[in-house]
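In what follows, a single structure is set out as structure tokens and then discussed.
The values are calculated or read from the model by the stated rules, or taken from the named source; none is laboratory data. Just so it is clear, the structure is predicted and the values come from calculations on it, not from any experiment. Here the Cβ positions follow ideal geometry from the backbone for every residue, glycine too, while neighbour counts run over all protein chains shown.
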Amino acid sequence: MTLAVQIDQTGGPEQLKLVDVTVGDPGPGEIRIRHKAIGLNFIDVYQRSGLYPFPMPLKLGMEGAGIVEAVGAGVTHLKVGDRAAYASQPPGSYCEVRVMPAKCVCVLPDAISFETGAAMMLKGLTAQYLLKKTLPVEGLKAGDHVLFHAAAGGVGLIACQWAKALGLQLIGTAGSDEKCALALANGAVHAINYRTEDFAARVKDITGGAGVKVVYDSVGKDTWDKSLDCLRPFGLMASFGNASGPVPPFAPGSLGAKGSIYVTRQTLFSHITTREATQAMADDLFAVVLSGQVKIHIEQRFPLAQVQDAHRALEARQTTGCTILTL
């Protein structure tokens, strides 16, 4: 028997329960992995609350790192004993040991710790597809301004550093002066406290009235309308989360009035549907981390048994950088 976190119904953090489970052998295309560390992400909250519906009971968690214990038929890129890390569906990483699809599991370079691996995969691959693949129609080049909400969060701090490495002028928003300072320390050129400042007005001021080519937004409802006003003509509104709640319906005609702007709703799992795509993105992430241009900031650690406290801290926006569950 081994421990896993499960919910039997949707709701608050109190629904998260430690349960004993039996883990068998991997089938074709699967591996069994023993975790050394587990990543915590806002998507876990969406699944727990029911915003993203799943059949019950549900084991949570999309990200982890550990040692491969067994390999199923047809798996050739991993072997028993490999250090490995992943961001993957289906959920289930909040556990000691699991059997899972091998497709999105990658060998973790020796120079990257298990804790860093667990903290960086979902958030780092998200930053990768945003900055490298989710681009405005006119593209991005060094010197261009982009707006990134929640810039002091796990994805945000990675994006601040990676954008700087790409020569982009990242304008970050955050909910406190301390978080703004953190974004600036990690490569943001400007940081706006959206609780005390009108971020749309500041963006227009920073860009000389032109606006930005792209807004990357994981906040959702609270930032949506003003974000559209930050875009220059033909700009891109890239939504990839809804920490403040889902965006309400809007009239497509409004996009024309704001300068023929584009809107997209992105998810990592559209980008990692194949083994090859996953590995290519992971290789890019590993390279920028190993180069030192991007450092993974693990600011909170909770034992697996304290997963309820971890979710409460995340939802209350009391966290910065990455949060992991330890074993």
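Does the stretch 130-155 hold any residues that are among the β-branched types (Val, Ile, Thr) and crowded, with 24+ Cβ neighbours inside 10 Å, and which are they? Passing the criteria: 146, 155.
Of the residues making up the stretch 290-297, none is of a type in the set (Lys, Arg), part of a strand (DSSP E or B) and within 17 Å of the chain's Cα centre (by Cα).
Filter the stretch 75-97 down to the residues that are hydrophobic (A, V, I, L, M, F, W, C) and touching a Leu at 6+ places or on another chain (Cβ under 6 Å), then identify the one that is surrounded by the most Cβ atoms within 10 Å (Cβ to Cβ). Going through the qualifying residues, I end up with 85.
All of (1) surrounded by 20 or more Cβ atoms within 10 Å (Cβ to Cβ); (2) on the phi < 0 side of the Ramachandran plot hold for residue 22 with one exception: (1).
Taking every residue in the stretch 177-205 that is closer than 17 Å to residue 224 by Cβ and surrounded by fewer than 17 Cβ atoms within 10 Å (Cβ to Cβ) and pairing it with any residue that is among the β-branched types (Val, Ile, Thr) and at pLDDT below 95, at least 6 positions away or on another chain, yields no pair with a Cβ-Cβ distance below 6 Å. Which of the residues that make up the stretch 236-292 are out of contact with any helix residue (DSSP H, G or I) (no Cβ under 9 Å at 6 or more places or on another chain), aliphatic (A, V, I, L, M), surrounded by 12 or more Cβ atoms within 10 Å (Cβ to Cβ) and farther than 26 Å from residue 105 by Cα? Scanning the stretch 236-292 gives a single hit, 236. Residues in the stretch 138-194 that are over 17 Å from residue 214 (Cα atoms), in contact with a Leu (Cβ under 6 Å, 6 or more places away or on another chain) and not polar (S, T, N, Q): 152 only. Exactly one residue out of 265, 301, 312 is under 22 Å from residue 89 (Cα atoms) and modelled with pLDDT of 95 or more: that is 265.
Matching residues to (1) out of contact with any Phe, Trp or Tyr (no Cβ under 8 Å at 6 or more places or on another chain); (2) buried (at least 20 other Cβ atoms within 10 Å of the Cβ); (3) at pLDDT 95 or above:
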{"residue": "60", "(1), (2), (3)": "no, yes, yes"}
{"residue": "73", "(1), (2), (3)": "yes, no, yes"}
{"residue": "99", "(1), (2), (3)": "yes, no, yes"}
{"residue": "107", "(1), (2), (3)": "yes, no, yes"}
{"residue": "113", "(1), (2), (3)": "yes, no, yes"}
{"residue": "120", "(1), (2), (3)": "yes, yes, yes"}
{"residue": "128", "(1), (2), (3)": "no, yes, yes"}
{"residue": "157", "(1), (2), (3)": "yes, yes, yes"}
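As a summary of the residue check, residue 263 satisfies the conditions (1) part of a strand (DSSP E or B); (2) in contact with a Lys or Arg (Cβ under 6 Å, 6 or more places away or on another chain); (3) farther than 30 Å from residue 3 by Cα except for the one numbered (2). Against the conditions (1) farther than 28 Å from residue 276 by Cβ; (2) in contact with a strand residue (DSSP E or B) (Cβ under 7 Å, 6 or more places away or on another chain), residue 140 satisfies every one except (1). Applying a threshold of 8 Å to beta carbon distances and a minimum spacing of six or more residues, or different chains, the list of pairs starting in the stretch 43-68 at a residue that is under 15 Å from residue 15 (Cα atoms) and ending at one that is assigned to a strand (DSSP E or B) and of a type in the set (S, T, N, Q) reads 57/6; 58/6; 59/6; 60/6. Hydrophobic (A, V, I, L, M, F, W, C) and within 17 Å of residue 327 (Cβ to Cβ): does that describe residue 21? So residue 21 fits the description; yes. Scanning the stretch 150-185 for residues that are under 19 Å from residue 133 (Cβ atoms), outside any loop (DSSP other than H, G, I, E, B) and not small (Gly, Ala, Ser) turns up 155, 158, 160, 161, 162, 164, 170.
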